[in-house]
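The values are calculated or read from the model by the stated rules, or taken from the named source; none is laboratory data. These numbers come from a predicted model, not from an experiment. So basically every Cβ, Gly included, is an ideal-geometry build from the backbone, and we count neighbours across all protein chains shown. Surface areas here come from the heavy atoms of the whole protein model, side chains and all, with no ligands, DNA or RNA. Shrake-Rupley method; radii C 1.70, N 1.55, O 1.52, S 1.80 Å.
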Amino acid sequence: HDNPPRVWVGALSHRLIVTMSFVAVILTLAARMLGPSDLYDQTQPKTVSYTTDIVANSHWLLPIERGEFPATKPPLYNWFAAPFVALIGTSSELAHKFPSVLAFLTCWVVIVRLGRGLDDDPRGTLGWLAGIAFAVNYTMFKRAWLARPDMLLTLWRLLGWVSVTSLL
């Protein structure tokens, strides 16, 4: 006969863990958005320039940096950012970083769902704990607010892994 599912935390602790998972995501994004701008760190100016070129000059296939240099990376990130930049404006840091924010949130949802599916506890507490671990991880904290393809690449890799492992 079947063993009953293991419940390793009480109802109050489970609700606290779920709440903390949402709080971790919200605080991560708030801390990055309200903190000092890092828009000119790393190669973010190139990404911003490519997206602005797409919006201003319709160079969708090969965006140009400052009207001089062709893109050094495939423009997938810029394609995702362009509608937000066109809607909100080229001077909006949020618009340029929106693909990273959406990718961060999507990764969090996927990880929570994966963890919930693996948990013996029918409430899926493990998934919410995994969501906390993801949201407070420094690398994810940093990538969630960068105008670079890193977070988007993380999402594609995660979705690829989920797809392949679901076939096994």
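Observations on the model:
- Which listed residue is in contact with a Ser or Thr (Cβ under 7 Å, 6 or more places away or on another chain) and within 16 Å of residue 14 (Cβ to Cβ), from 115, 124, 131: 131
- Any hit, region 95-115, residues being among the hydroxyl-bearing types (Ser, Thr, Tyr) and farther than 30 Å from residue 62 by Cα: no
- The sole residue among 21, 91 that is within 23 Å of residue 144 (Cα to Cα), open to solvent by less than 60 Å² (accessible area, probe 1.4 Å) and polar (S, T, N, Q) is 21.
- Qualifying positions in region 115-139 - surrounded by fewer than 20 Cβ atoms within 10 Å (Cβ to Cβ), within 30 Å of residue 75 (Cβ to Cβ) and not β-branched (Val, Ile, Thr): 137, 138
- Residues that are of a type outside the set (A, V, I, L, M, F, W, C), open to solvent by 90 Å² or more (accessible area, probe 1.4 Å) and either part of a helix (DSSP H, G or I) or without any contact (Cβ under 8 Å) to a residue 24 or more places away in the chain (or both), drawn from region 58-73: 66, 68
- Tally, over region 143-161, of residues that are in contact (Cβ under 8 Å) with a residue 12 or more places away in the chain, basic (Lys, Arg) and either touching a Gly at 6+ places or on another chain (Cβ under 8 Å) or assigned to a helix (DSSP H, G or I) (or both): 1
- Flag: residue 16 matches the condition of being in a helix (DSSP H, G or I) and either modelled with pLDDT of 90 or more or surrounded by 20 or more Cβ atoms within 10 Å (Cβ to Cβ) (or both).
- Only residues that are part of a loop (DSSP other than H, G, I, E, B) and of a type in the set (A, V, I, L, M, F, W, C) were counted across region 19-57, and they come to 1.
- Cβ pairs under 7 Å, 6+ apart, first in region 35-50 and under 21 Å from residue 74 (Cβ atoms), second surrounded by 15 or more Cβ atoms within 10 Å (Cβ to Cβ) and of a type in the set (Lys, Arg): 42/148; 43/148; 44/148; 47/148
- Residue in region 96-104 that is in contact with a Leu (Cβ under 6 Å, 6 or more places away or on another chain), surrounded by 13 or more Cβ atoms within 10 Å (Cβ to Cβ) and among the hydrophobic types (A, V, I, L, M, F, W, C) present: yes
- Of the residues making up region 74-85, those that are without any contact (Cβ under 8 Å) to a residue 40 or more places away in the chain and open to solvent by less than 70 Å² (accessible area, probe 1.4 Å) are 75, 78, 82, 84, 85.
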